[in-house]
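Note sheet for the following structure.
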Ligand code: 13P
């Protein structure tokens with residue numbers, strides 16, 4: 001029965017053209033983003049900001065699941081209502097980030113390994129009791145001189161698979177996130193090669209750890225040239241390369257692929273997702289959705305700026321990005337939509 005629940009949850013997370021909202025920045029990451037805008041880096045500021053997000057009117061029309069951070073899942077609105085209840089009342093499934101970060105990998109200069117497996121079984125039990133029904137674990141793969149190494153890819157894929165198996169045991173859908181970073185001057189082709197290698201390794205490991213693919217969501221990067229690559233590619237070329245890579249490496253039993261945004265401009269992330277759905281949707285075995293943090297939140301965060309008087313406008317901006325991405329899922333996003341808020 002539990003397995004059927006997990007499979008149903010995974011399906012719901014990628015149904016009705018909705019997607020995931022990642023609002024699971026760790027305290028250091030959240031503080032860094034606040035500091036850049038001169039917002040105070042306190043627990044209360046983080047709470048207020050997350051209250052702004054979860055109380056955004058109409059958010060549940062576009063967002064199926066919200067990924068929270070350990071601090072956030074325990075927080076409440078100013079009036080005392082737990083965030084988990086606010087989210088669930090909006091028709092959004094609560095999720096939780098459960099890795100404890102990417103750390104330097106021993107013997108592998110310039111590479112990272114994600115930690116958090118120790119004690120994970122008990123933590124997952126606790127999060128399920130708090131209302132979470134899915135989880136997230138992010139592995140980070142950097143492209144550079146002689147990296148990524150086989151050792152780094154294998155170790156991260158193994159950890160992702162161990163995490164995913166524990167999630168399913170605990171009744172949670174694992175969102176499996178192997179992120180190939182955009183940093184560097186590598187070409188689209190190199191990103192494609194590395195992403196394919198990483199995804200094939202991840203699915204091998206998921207198989208070895210007996211993870212039920214019907215009850216998982218994949219959260220990959222799009223296939224993109226490095227940020228410093230002199231040759232940047234068109235929206236359609238990125239869409240083609242991304243779908244080609246995924247078709248080669250992601251089994252058809254996975255219900256949905258929800259991309260991370262990885263630092264792409266918000267509008268570009270929507271346009272690229274849209275192009276994939278316009279050009280390929282009818283021919284794909286899985287849903288192509290989104291699980292963005294920055295590409296949904298950034299405009300709202302900049303408008304909010306830590307000030308109560310900006311909350312309503314920031315919520316409008318957040319809702320707007322969520323709407324644009326829902327449209328992109330259906331292949332119905334266009335530049336005209338962006339003018340509505342300008
Ligand atoms: P970005 O969309 O900002 O890349 O964040 C997604 C995420 O959840 C990273 O783990």
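Do we find a residue being at pLDDT 95 or above, away from the ligand (no atom under 16 Å from the Cβ), crowded, with 17+ Cβ neighbours inside 10 Å and closer than 24 Å to residue 62 by Cα anywhere in segment 249-265?
yes
Going by what's in this entry, would residue 182 be described as touching a helix residue (DSSP H, G or I) at 6+ places or on another chain (Cβ under 6 Å) and within 16 Å of the ligand (Cβ to nearest atom)?
When the stated conditions are applied, residue 182 does not pass them.
If a residue has to be assigned to a helix (DSSP H, G or I) and within 16 Å of the ligand (Cβ to nearest atom) to count, how many in segment 207-246 make the cut?
2
Tell me yes or no: at least one residue of segment 301-315 is within 16 Å of the ligand (Cβ to nearest atom) and under 24 Å from residue 232 (Cα atoms).
no
Among the residues of segment 136-156, are any in contact (Cβ under 8 Å) with a residue 12 or more places away in the chain, within 16 Å of the ligand (Cβ to nearest atom), assigned to a helix (DSSP H, G or I) and within 21 Å of the chain's Cα centre (by Cα)?
Yes, segment 136-156 contains at least one residue that is in contact (Cβ under 8 Å) with a residue 12 or more places away in the chain, within 16 Å of the ligand (Cβ to nearest atom), assigned to a helix (DSSP H, G or I) and within 21 Å of the chain's Cα centre (by Cα).
Conditions (1) modelled with pLDDT of 95 or more; (2) surrounded by fewer than 22 Cβ atoms within 10 Å (Cβ to Cβ); (3) closer than 23 Å to residue 240 by Cβ, marked per residue:
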residue: 151; (1), (2), (3): yes, yes, no
residue: 154; (1), (2), (3): yes, yes, no
residue: 158; (1), (2), (3): yes, yes, no
residue: 161; (1), (2), (3): yes, no, no
residue: 167; (1), (2), (3): yes, no, no
residue: 172; (1), (2), (3): yes, no, no
residue: 179; (1), (2), (3): yes, yes, yes
residue: 190; (1), (2), (3): yes, yes, yes
residue: 206; (1), (2), (3): yes, no, no
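Could you check, for segment 77-97, whether at least one of its residues is within 16 Å of the ligand (Cβ to nearest atom), more than 22 Å from residue 6 (Cα to Cα) and surrounded by 14 or more Cβ atoms within 10 Å (Cβ to Cβ)?
Looking through segment 77-97, none of the residues is within 16 Å of the ligand (Cβ to nearest atom), more than 22 Å from residue 6 (Cα to Cα) and surrounded by 14 or more Cβ atoms within 10 Å (Cβ to Cβ).
Picking from 33, 2, 47, 74, which residue would you name as being touching a residue at least 60 places away in the same chain (Cβ under 8 Å) and away from the ligand (no atom under 16 Å from the Cβ)?
Testing whether each residue is touching a residue at least 60 places away in the same chain (Cβ under 8 Å) and away from the ligand (no atom under 16 Å from the Cβ) leaves just 2.
Quick one: how many residues across segment 271-300 are within 12 Å of the ligand (Cβ to nearest atom) and part of a helix (DSSP H, G or I)?
Of the residues in segment 271-300, 6 are within 12 Å of the ligand (Cβ to nearest atom) and part of a helix (DSSP H, G or I).
The values are calculated or read from the model by the stated rules, or taken from the named source; none is laboratory data. Predicted model only: the values in this text are computed from it and were never measured. Don't worry about glycine lacking a Cβ; one is built from the backbone with ideal geometry, like all the others, and counts go over all protein chains shown.
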